[in-house]
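J.: Okay, here's the structure, questions in a sec.
Values in this text are rule-based calculations from the coordinates and carry no lab data. Not measured: the values here are computed from a predicted model. Here the Cβ positions follow ideal geometry from the backbone for every residue, glycine too, while neighbour counts run over all protein chains shown.
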Amino acid sequence: MASITLDNVGKVYPGGTRAIGDVNIDIADGEFIVLVGPSGCGKSTLLRMVAGLETITEGQIRIGDRVVNDVEPMDRDIAMVFQNYALYPHMSVRQNLAYGLKNRGTSKADIEKRVAEAAEILQIGPFLDRKPRALSGGQRQRVAMGRAIVREPAAFLFDEPLSNLDAKLRVTMRLEIKELQRRLGTTSIYVTHDQLEAMTLADRLVVLSAGKVEQIGTPLEVYRKPASTFVAGFIGSPAMNLIKASSVPHLPGTAHAGMIGIRPEDLTVSADGPIQMKVAAVEELGAQRLVHGHIGGDAATVTMASDATLSDDLNLTYRPGSLHLFHPETGKRID
Amino acid sequence: MVENRPILNILAHLVLILGVAIVALPVWIALVASTHASNDFLGGVVPMWFGDQAWNNYSRMLGTGISTSGMPPVSWMMFNSLIMALGIAIGKIAISITSAFAIVYFRFPFRMLAFWVIFATLMLPVEVRIVPTFQVVANLGMLNTYPGLIIPLIASATATFLFRQVFLSMPDELTEAARIDGAGPMKFFWDILLPLTRTNIAALFVIMFIYGWNQYLWPLLITTGSDMYTVVAGIKRMSTVADTDPQWNYIMATAVLAMLPPLLVVIFMQRLFVKGLVETEK
């Protein structure tokens, strides 16, 4: 158990390309932090820098009180769960779990005890003597987590661990990870590009874009008050509608905004609504339908009840207080 | 080609049978010849069916050899060949796997230069450098020794290249997982890399063992004492006798015996590495 501190952390590749710039995150002991962002935003690189698999060229990373910039991965007291599980294919599940402990010189009895405990927690007891190839994706994922648990590390690092699973399994495993982390109370950093996964797992979210932190906050903070147009468009599904202030009639209180953000669920059809939308396509989701179209020149989406009548042109109104305003140049939030 | 015309089937089989006959005929003749008495060949006609001297020929060759022409027993020559072939196969694998490990997993100056220098030697056959090699081996006093037979043939650019490709195909995550699990480079090599490449090692062993066993020119050059003769070079020595006809029955018996070990290696290692191929998953 330990806190993790990233202090002005940056990474510049030898060629001069900047991958990460000036990241500051304070992660409390036992906290579940999710790094989220589109592919290529540097979230995995950042995680690997914490793990010690990438060098840190600027700033400082501390695990507990110890600066770990030049500490080998094995000595950082962290455990990592990889996207492709990275189980050793020639070892049985038991050997996979025990390997890290064996390398540290843990006693045989102790290894056995810890493996049994981890197997119990993850319900992989029946597979302990199988090879990874004889396991399903979900079971492999559990073994990969088991390998992290047996180490009893200061922190878990997850690198998109669920992205190779099918949608249904992903939801169950997501819950299991969350529950497990609660139970063990181990500080965790979790990387994902799936904003839903990020929202449901995180104590706090770190939204990254192009190697920079866009916003840090609890899922609800980030959802309710996105700090920039990037965060607004990234968090939430379906994504928030971002409309140029000039392409809608003047709405009260939007005088200084360049961009107006409205979540699809905050829009409703109303004959005298101030916002006109041209409908282009409709997606039926069963419980509701998503209506896609254009407001002014910008693509927009509205959620509607599935029995609502449709026409090519909709007049929309919005829930009071649901507008997000963004600065015309910086794209930052205006409150 | 999904065609089902009987005439084409017959034609295809004819071609195949012809191919098999061309390849198998010399082996057949050797096998048959090794079962006749030596004077059966004096008429200049090669018999096409087995004779009754098989036991006599084989036991003579394995047991005493042809002492009149200074040939040791074939069993002894086969032992020499075995030592040489095993030495070459194991040595080649050991050296090339470690050098491939160095090239793929370590960042050091002139790494790629080292690789390309190794790679360039692929283009040099043994025969090109055989005279200087002989000089070196002679100066080191290794003529007529096992090290002299083995060491000059022990480096392999092909195997290094092959292991490099295998290592490059290993997922990086595996290396990283091992680093986090606290495995140092050598531990990673022993615990992860070696078990995962065992199928490739088996395949290479088969190829390199046969390569070593079939070495002809080099043993012929550096072995002068009959106790160091290898079986393949020995066949040649038997067939060039002065003042008398070659004893084809004995020569062919030796040839058949010389064919056996590579055959056994292929048969047994084949099973091992097919099994390995099915089991391993990267």
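J.: No solvent, one uniform scatterer per C-alpha: report log10 I(q)/I(0) for the protein assembly as shown via the Debye equation at q = 0.05, 0.08 1/Å, two decimals.
T.: -0.42, -0.80
J.: Give me the orientation-averaged projected area of the Cα convex hull of chain B, in nm², one decimal.
T.: 21.9
J.: Which of the listed residues, B:P152, B:P195, B:G182, is farthest toward the dipole's positive end in chain B, when Lys, Arg count +1 and Asp, Glu count -1 at the beta-carbon?
T.: B:G182
J.: How would you rank A:E54, A:E214, A:E329, going from fewest to most other Cβ atoms within 10 Å of each one's own Cβ?
T.: Fewest-to-most Cβ neighbours within 10 Å comes out as A:E329, A:E54, A:E214.
J.: For B:V117, what charge total do you get from the other residues with a beta carbon under 15 Å from its beta carbon, if Lys and Arg give +1 and Asp and Glu give -1?
T.: Here the count lands on +3.
J.: So which trypsin sites (Lys or Arg not before Pro) in the stretch A:126-204 end up in coil per DSSP with only 11 or fewer other C-beta atoms within 10 Å?
T.: Passing both the DSSP loop test and the Cβ count: no residue.
J.: Local charge sum around B:A157 (other residues, Cβ-Cβ under 12 Å, Lys/Arg +1, Asp/Glu -1)?
T.: +2
J.: Among A:A118, A:I78, B:L204, which residue has its Cα positioned farthest towards the positive end of the charge dipole of the protein assembly as shown, with +1 placed on the Cβ of Lys and Arg, -1 on the Cβ of Asp and Glu, and the dipole taken about the Cα centre?
T.: Result: B:L204, furthest along the dipole toward the positive end.
J.: So for the protein assembly as shown, taking the charge dipole from beta-carbon charges (+1 Lys/Arg, -1 Asp/Glu), which of A:G10, A:N96, A:T330 sits furthest toward the positive end?
T.: My answer, from the dipole projection, is A:N96.
J.: Would you give the gap between the C-alpha center of the stretch A:179-194 and the C-alpha center of the stretch A:1-25, rounded to a whole Å?
T.: Each part reduced to its Cα centre gives a spacing of 21 Å.
J.: Okay, next question. Dividing the convex hull volume of the alpha carbon atoms of the stretch B:110-185 by its residue count, what do you get in Å³ per residue?
T.: Output value, Cα hull per residue: 146 Å³.
J.: Calculate the FRET efficiency for B:E127 and B:D52 from the Cβ-Cβ distance with a Förster distance of 51 Å, rounded to the nearest 0.05.
T.: Plugging the Cβ-Cβ distance into 1/(1 + (r/R0)^6) gives 0.75.
J.: Mind listing the phi-derived Karplus ³J(HN,Hα) values for the stretch A:179-194, rounded to whole Hz, using 6.51, -1.76 and 1.60 with θ = phi - 60°, and x for any glycine or proline?
T.: Using θ = phi - 60°, the values come out as 5, 4, 5, 4, 5, 7, x, 8, 3, 9, 10, 10, 9, 7, 9, 8 Hz.
J.: Additional query: With charges only on Cβ, +1 for K and R and -1 for D and E, what is the dipole size of the protein assembly as shown about its Cα centre, in debye, rounded to 20?
T.: My answer is approximately 1040 debye.
J.: OK, next. Between the alpha-carbon centers of the stretch A:125-157 and the stretch B:217-234, tell me the distance in whole angstrom.
T.: Rounded to whole Å, the Cα centres lie 56 Å apart.
J.: Residues of the stretch B:183-200 with backbone nitrogen within less than 19 Å of a virtual label 7 Å along the Cα-to-Cβ line of A:R133, please, listed as ranges.
T.: Taking a point 7 Å out along Cα→Cβ of A:R133, the residues of the stretch B:183-200 whose backbone N falls under 19 Å are B:191-200.
J.: Next up: Using the eigenvalues of the Cα gyration tensor, what equivalent ellipsoid semi-axes result for the stretch A:240-334 when each is taken as the square root of five times the eigenvalue, whole Å, largest first?
T.: Equivalent ellipsoid of the stretch A:240-334: 24, 13, 12 Å, largest first.
J.: If you line up the long axis of helix B:6-33 against the longest principal axis of chain B, both from Cα atoms, how many degrees apart are they, to the nearest 10?
T.: 70
J.: Okay, next question. Pull up all non-local amide H partners of A:S228: gap of 5 or more, or a different chain, and H-to-H distance under 5 Å with H placed in the peptide plane.
T.: A:R333
J.: Kirkwood Rh over Cα pairs of the stretch A:1-135 into Stokes-Einstein at 10 °C, 1.306 mPa s: D in µm²/s?
T.: 93
J.: With the convex hull built on the Cα atoms of the stretch A:4-231, state its orientation-averaged projected area in nm².
T.: The Cα convex hull of the stretch A:4-231, projected and averaged over all directions, gives 12.7 nm².
J.: How do A:M259, B:M170, A:M80 rank when sorted from fewest to most other Cβ atoms within 10 Å of their own Cβ?
T.: B:M170, A:M259, A:M80
J.: Just to confirm my numbers, what's the Cα centroid distance between the stretch A:305-335 and the stretch A:209-230 in Å?
T.: 19
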